[in-house]
Amino acid sequence: MKKFYKRIISILVLIVLTTLAYLYLKNNIETFRSLKIVSPILLLLLIALFLSTYILIAYLTRMILKTMKISISNRESFMLSIVTGFYNLITPLRGGLAARALYLKKNHQFSYTDFISSVAASYVIIFLVASVTGLSTALLIFIKKQIINWILVTIFFIVFLAMMSIILFSKKLKESKYFLINKIIMISNSWNIIRKKPRIIIAVSLIAITQLLISALMLKLQFSVFGFHISFVEALFISSIGSLSLLISITPAGLGINEAITVFSALTLGISPAQSLSAALLGRAAQIIILFILGPIFSFILFRIKSPMK
């Protein structure tokens, strides 16, 4: 029943956010009509950067599996990362993770619980990197522009304290009645899996930093495509809060939620909703096109691979 209610909530949230986006587009149609793509070549670079993020995810997957004595090729890992992204896009509550775990269990005898726990443990580092980056960029923006949003700074600070508490005082916790708190509890309980494996911690840290930098560069390019300029620090600030959206990603691939976060974060920097929404929708369009082309193809290939144990 819990899964059913979560799906209903996911659908309702998606409907509400889609409706709000539609109404905003409708009421500001002239503003959006005036937008022009001033640099089409940047679209190709945007696609290349988008694919590079999945290469990083593939590498991280291989690293985690290797520590569990499971071997997977670079090609297989990359296809699996794309398939995960594709199923995240068409299912609520990050269903791609379940699809990836199912594939690994079927073809490599890797338990679903171990996989989900390993991924959850890596979120400790991902959220820590995002919170530190968010606080740092917020300070830099304040020094340069005397602009600060205490709500976002508070969120970054709370996440930073929570992740540091998990790292320093990690103990087995019991689940609560609340969805968001249970996510943090699962991450905390899973941290014990990798905290004694420095190689994975270093790899996850480097990948988290690289992914955040790439996300910021992509966001800057998304604005540049329409002729809008934002600094790299501003793009990094918005990308940092975007990374934390994994905690509340209840719609398929964060549809609507990520865009809303981008618009709100950009608004605090003096960037108009029309500009930020255009940039966010461009990034979403690139994601949908790539995943809908490669996702079904790689899914067909992967699920035809027979288990080496058979």
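The values are calculated or read from the model by the stated rules, or taken from the named source; none is laboratory data. These numbers come from a predicted model, not from an experiment. Neighbour counts run over all protein chains shown; Cβ positions are idealised from the backbone, glycine included.
The figures follow:
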{"read-out": "Matching residues, segment 188-208, being touching a helix residue (DSSP H, G or I) at 6+ places or on another chain (Cβ under 8 Å), of a type in the set (Val, Ile, Thr) and under 21 Å from Leu161 (Cα atoms)", "value": "Ile193, Ile194, Ile201, Val204"}
{"read-out": "In segment 34-77, residue surrounded by the fewest Cβ atoms within 10 Å (Cβ to Cβ) [restricted to those that are farther than 24 Å from Pro198 by Cβ, at pLDDT below 80 and of a type in the set (S, T, N, Q)]", "value": "Ser34"}
{"read-out": "Condition met for Thr31 (among the β-branched types (Val, Ile, Thr), within 28 Å of Phe228 (Cβ to Cβ) and either in a helix (DSSP H, G or I) or modelled with pLDDT of 60 or more (or both))", "value": "yes"}
{"read-out": "Unique residue being at pLDDT 90 or above and either in a helix (DSSP H, G or I) or more than 16 Å from the chain's Cα centre (by Cα) (or both) when the list is Leu173, Leu135", "value": "Leu135"}
{"read-out": "Residue ID - nearest to the chain's Cα centre (by Cα), chosen from residues in segment 138-152 that are closer than 14 Å to Ala266 by Cα, among the β-branched types (Val, Ile, Thr) and assigned to a helix (DSSP H, G or I)", "value": "Ile151"}
{"read-out": "Leu104 vs. criteria touching a Phe, Trp or Tyr at 6+ places or on another chain (Cβ under 9 Å), farther than 23 Å from Ser245 by Cα and either of a type outside the set (Asp, Glu) or surrounded by 14 or more Cβ atoms within 10 Å (Cβ to Cβ) (or both)", "value": "yes"}
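Quick grid of which residues meet (1) part of a helix (DSSP H, G or I); (2) among the charged types (D, E, K, R); (3) modelled with pLDDT under 85; (4) more than 19 Å from Val132 (Cα to Cα):
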{"position": "Ser240", "(1), (2), (3), (4)": "yes, no, no, no"}
{"position": "Ala260", "(1), (2), (3), (4)": "yes, no, yes, yes"}
{"position": "Ala266", "(1), (2), (3), (4)": "yes, no, yes, no"}
{"position": "Gly270", "(1), (2), (3), (4)": "no, no, yes, yes"}
{"position": "Gln275", "(1), (2), (3), (4)": "yes, no, yes, yes"}
{"position": "Ala285", "(1), (2), (3), (4)": "yes, no, yes, yes"}
{"position": "Ile290", "(1), (2), (3), (4)": "yes, no, no, yes"}
{"position": "Lys306", "(1), (2), (3), (4)": "no, yes, yes, yes"}
